[in-house]
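Novice: After the structure tokens below, expect a handful of questions from me.
The values are calculated or read from the model by the stated rules, or taken from the named source; none is laboratory data. Quick caveat, the model's predicted, so the values are computed rather than measured. Note that each Cβ is placed from the backbone with ideal geometry, even for glycine, and that neighbours are counted across all protein chains shown.
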Amino acid sequence: MTATLTFGPDSLMAEHVSSRAGNVKQASPGAANALTSVELLARARAGDEGALNDLCARYLPRLQKWAHGRLPSYARGALDTHDIVQDTLSQVVQRLGSFEPRHDGAFQAFLRTALLNRIRDQIRWAQRRPTDVVPCVRGSVDPSPFEQAVGTEAVERYEAALERLKPPDREAIIARIELGLPYAEVASALGKPTIAAAHVAVSRALVKLAKEMSRDKRS
Amino acid sequence: MTNVPDSPEPLSSVAASISDGALIEWEQVAQQVAGDDDAVLGELRVLEQIAKFHQTVQEAGAMHAATPDDETADPRGWGHFLILGRIGRGSFGNVYRAHDTKLQSDIALKLMREDGDSRANVARVLKEARLLARVRHPNVVTVYGADQIDGRVGLWMELVRGTTLEDLLQRQGTFGAREASVVGLDLCRAVASVHRAGLIHGDIKTHNVMREEGGRNVLMDFGAGKDLDLDFLYAYAGGSDDFAGTPLYVAPEVFSGSPRTKASDVYSLGVLLFRLVTKRYPVEGQTRSAVEDAHRRRTRAHLRDVRPDLPDEFVTIVERALDPDPRKRFETAGAFEIALARFLGASPETVTDRAAPRAALTIALAAVIAGIVIGTPVYWLATRDRVTPAAAASAPVAAPSGATAYTIDASLYRISDAREARLRPGDRVAPGDQLALQIQVSKPTHIYVVNEDDRGESYLLFPLPDQTVANPIPAGRPVRLPAAGSNTPLYWKVTSAGGREHFLIFATPEPLPAFDRMFASLPRPQLNAAVLAAPLSGDAVGMLRGVGGLSASPGAGAGKLAEQFTTPLPPTAESANGVWVRQITLENPR
């Protein structure tokens with residue numbers, strides 16, 4: 001077997017932001033590369049199918065895995081996770097209306113909320129629907145893989161606290177902790193100038209989130 | 001909402017570890033926190049579980065097997081390296097941009113797939129590392145080390161920031177003969193150093209050469225040819241990128257079963273040059289057997305037919321490298337290099353003699369009193385005493401015959417205390433550094449020095465009024481720029497950090513009024529006054545491209561100078577005809 005590697009252009013080419021006096025213009029990481037999701041989104045809304053496909057290609061794999069962790073097995077039914085995610089993505093694009101995400105992180109967070117709502121609908125639908133395929137008792141709340149791993153109560157506390165965070169903090173958590181993006185992409189998604197800034201943003205958001213969660217626990 | 005402007009240190013540190021997926025000593029941390037923070041720490045522990053769950057979900061092959069295309073399988077760290085993002089993908093693993101947390105520097109990390117045959121992987125990677133470590137050359141990627149950590153094998157090397165020649169070709173179109181030859185010179189040197197180390201590269205192709213910002217061409221990846229057999233070709237019968245790319249560069253005798261030799265590397269270099277100027281291959285085919293068949297039938301494209309506009313000498317050089325008979329090719333990469341250097345009008349002796357001690361390093365050091373400032377361009381008055389001049393310069397390199405031929409030897413220096421260091425493309429500068437350019441020419445020459453930043457903002461560094469040296473600069477002796485002005489020698493001083501600084505040096509023995517007019521339009525630093533930089537007009541850049549004769553993509557005029565003129569400042573004297581343009585880019589990070 002050969003061991004050939006192809007090096008592409010570095011996505012962090014613009015990591016260092018020049019600061020020459022008299023003209024300070026910030027370059028965002030990755031700006032030189034492919035279109036941002038925000039730009040793709042604008043094109044998709046204008047009817048560019050290629051842009052919609054590119055958006056799907058960008059988010060489907062991660063969101064699919066994310067959704068897989070949130071969907072209890074009984075609720076999956078005939079509609080698999082892939083369809084749910086793809087469907088949600090295309091609906092989000094169509095129904096965005098006047099929502100103008102500031103950057104990719106905002107779009108990711110928006111998408112995540114839409115997907116979570118869709119999964120909750122799916123769970124409710126599955127619970128109402130008598131079925132002999134999945135031997136579940138009506139009204140039972142079989143936990144999702146996420147709830148099984150972390151505990152239902154902790155998940156509720158987490159979701160509620162996450163909801164109360166300021167959008168930039170919420171976006172940092174979603175990009176890094178939930179979707180597992182590399183720091184380079186987190187920086188790009190959050191509009192941070194450097195990897196170090198993205199790292200700090202995620203750490204601070206985690207501390208804020210923990211404080212919010214502990215407040216819930218006390219009350 | 002809780003605001004956390006200053007989280008207590010242990011909590012921040014724990015949060016950073018959660019984000020990095022690093023191990024946390026919870027008991028130890030618990031002893032450092034008290035009161036309300038105790039509850040927060042408890043929730044951070046929950047968040048660690050949440051982060052781990054998502055990490056497992058994203059990386060798990062159990063739910064959705066990670067495919068080579070699936071970047072969610074990327075790890076977050078390996079040993080003491082923090083993975084920052086993927087920059088390349090190979091058949092056996094991926095290459096990441098990573099941060100060496102011990103040395104605090106960014107490197108390129110090549111990690112093998114976990115599912116491979118681990119023993120074979122270990123052997124291969126360690127072998128590759130050993131091969132690479134034998135070669136130290138500015139045009140060959142530098143490997144730093146290799147290891148097996150947590151069962152996963154990897155090697156780390158110099159992070160080369162730039163674009164592959166293939167990407168450049170796709171983006172900018174075909175190269176001119178001169179620019180391709182400049183690339184060829186670098187690669188001949190690189191391959192010669194590989195051969196000197198007793199190795200055959202075996203996988204020279206446009207995908208494997210990086211054009212670094214600043215112009216350095218770097219030969220990458222020894223992963224393939226190295227075992228010197230053709231097994232890898234058969235392994236790609238499925239038609240992966242490797243298969244599509246590699247056989248097109250393979251010499252015909254290798255298809256017939258001969259071992260890879262220096263001559264087969266020379267052939268691959270010839271294919272690379274052919275591709276740069278045509279965007280095609282001399283022998284084409286969709287499959288390995290189609291390529292082999294074309295070789296057997298001697299069906300190939302000739303450079304003269306594809307590009308009738310190219311200079312005869314260049315065509316002859318490339319065709320010689322591509323001769324089906326290995327004995328008729330250049331015997332060595334060095335011989336290939338000399339031919340290219342001759343075509344470029346350079347003296348082969350000065351071009352090839354890279355190891356010769358540089359006289360420029362011992363040239364008399366001009367006293368430095370005042371500086372022109374880079375970064376925040378304000379004249380700066382220093383209080384440095386005159387430094388004792390060192391030894392005199394070497395004899396100038398003889399100019400080849402021809403009315404406009406001349407030699408030019410230019411070097412950029414960093415001066416600190418009584419010491420000076422010659423700067424190479426990609427070197428780092430920092431606020432406080434003092435820079436000077438030293439030029440020696442064989443005939444009176446007009447010199448223009450322009451500083452450009454990453455945004456394309458430029459200003460003129462030379463010629464400036466009130467200096468003891470004006471254009472044309474005198475021949476036969478080293479001249480320091482910026483030159484002394486009324487007993488106040490000057491230098492360029494870096495005052496702020498951020499981004500990169502590109503220096504472009506233009507030279508012409510004949511006065512060019514258009515040059516003077518154009519450069520006169522650039523802002524100039526003034527004593528004790530701030531100056532705002534401005535980009536050159538598109539017309540001006542277009543004109544420069546035409547005059548320099550080094551245009552990379554005919555047609556496009558506007559753009560940053562440093563992107564238009566990518567030929568790096570060489571380490572030795574060069575022979576030149578007409579206008580000579582070289583650049584050097586220095587890193588000036590925060």
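Novice: Before we move on, is A:Y158 under 22 Å from B:Q58 (Cα atoms), touching a strand residue (DSSP E or B) at 6+ places or on another chain (Cβ under 8 Å) and not assigned by TED's automatic domain parsing to the domain that holds A:P61?
Specialist: Numbers: under 22 Å from B:Q58 (Cα atoms): yes; touching a strand residue (DSSP E or B) at 6+ places or on another chain (Cβ under 8 Å): no; not assigned by TED's automatic domain parsing to the domain that holds A:P61: yes.
Criteria not met by A:Y158.
Novice: When the stretch B:71-92 is examined, which residues are found to be part of a strand (DSSP E or B), touching a helix residue (DSSP H, G or I) at 6+ places or on another chain (Cβ under 9 Å) and at pLDDT below 70?
Specialist: Listed by number, the residues that qualify are B:R89, B:G90.
Novice: So, B:F330, is that one in a loop (DSSP other than H, G, I, E, B) and surrounded by 16 or more Cβ atoms within 10 Å (Cβ to Cβ) or not? So that I can check it myself, show each step before the final result.
Specialist: Numbers: in a loop (DSSP other than H, G, I, E, B): yes; surrounded by 16 or more Cβ atoms within 10 Å (Cβ to Cβ): yes.
Here the answer is yes, as B:F330 does meet what is asked.
Novice: While we're looking at this one, here's another question. May I ask you to verify whether A:E185 is at pLDDT 90 or above, part of a helix (DSSP H, G or I) and either crowded, with 24+ Cβ neighbours inside 10 Å or facing chain B (nearest Cβ under 8 Å) (or both)?
Specialist: Working: at pLDDT 90 or above: no; part of a helix (DSSP H, G or I): yes; either crowded, with 24+ Cβ neighbours inside 10 Å or facing chain B (nearest Cβ under 8 Å) (or both): yes.
No.
Novice: Considering the stretch B:265-279 alone, what residues qualify as being within 15 Å of B:A177 (Cα to Cα) and either of a type in the set (D, E) or not in a helix (DSSP H, G or I) (or both)?
Specialist: Of everything in the stretch B:265-279, just one residue is within 15 Å of B:A177 (Cα to Cα) and either of a type in the set (D, E) or not in a helix (DSSP H, G or I) (or both), namely B:K279.
Novice: Hey, among A:L52, A:L40, which residue is at pLDDT 80 or above and either over 19 Å from A:E185 (Cβ atoms) or assigned to a helix (DSSP H, G or I) (or both)? I'd like the intermediate steps shown before the answer.
Specialist: Working: A:L52 fails: at pLDDT 80 or above.
The conditions single out A:L40.
Novice: Could you tell me how many of the residues in the stretch A:164-219 are aliphatic (A, V, I, L, M), more than 17 Å from B:K52 (Cβ to Cβ) and without any contact (Cβ under 8 Å) to a residue 12 or more places away in the chain?
Specialist: Summing the residues that are aliphatic (A, V, I, L, M), more than 17 Å from B:K52 (Cβ to Cβ) and without any contact (Cβ under 8 Å) to a residue 12 or more places away in the chain in the stretch A:164-219 gives 4.
Novice: Inside the stretch B:435-456, can you point out the residues that are surrounded by fewer than 21 Cβ atoms within 10 Å (Cβ to Cβ) and modelled with pLDDT under 80?
Specialist: Hits for the stretch B:435-456 are B:R455, B:G456.
Novice: Can you find a residue that is more than 9 Å from every other protein chain (Cβ to nearest Cβ), assigned to a loop (DSSP other than H, G, I, E, B) and touching a helix residue (DSSP H, G or I) at 6+ places or on another chain (Cβ under 7 Å) anywhere in the stretch A:192-204? Let's see the steps before the verdict.
Specialist: If we filter the stretch A:192-204 for residues that are more than 9 Å from every other protein chain (Cβ to nearest Cβ), which is where we start, we get A:192-193, A:196-198, A:201.
When the remaining residues are screened for being assigned to a loop (DSSP other than H, G, I, E, B), the result is A:192-193.
Now narrow it down to the ones that are touching a helix residue (DSSP H, G or I) at 6+ places or on another chain (Cβ under 7 Å): A:192.
Yes, the conditions are met somewhere in the stretch A:192-204.
Novice: Out of the residues in the stretch B:34-59 that are within 15 Å of A:P145 (Cα to Cα) and free of Cβ contacts under 8 Å to residues at least 12 places away in the same chain, state the one that is farthest from the other protein chains (Cβ to nearest Cβ).
Specialist: For the stretch B:34-59, the residue satisfying everything is B:T56.
Novice: Which residues, taken from the stretch B:148-168, are buried (at least 16 other Cβ atoms within 10 Å of the Cβ) and away from chain A (no Cβ under 14 Å)?
Specialist: Selection gives B:R152 alone.
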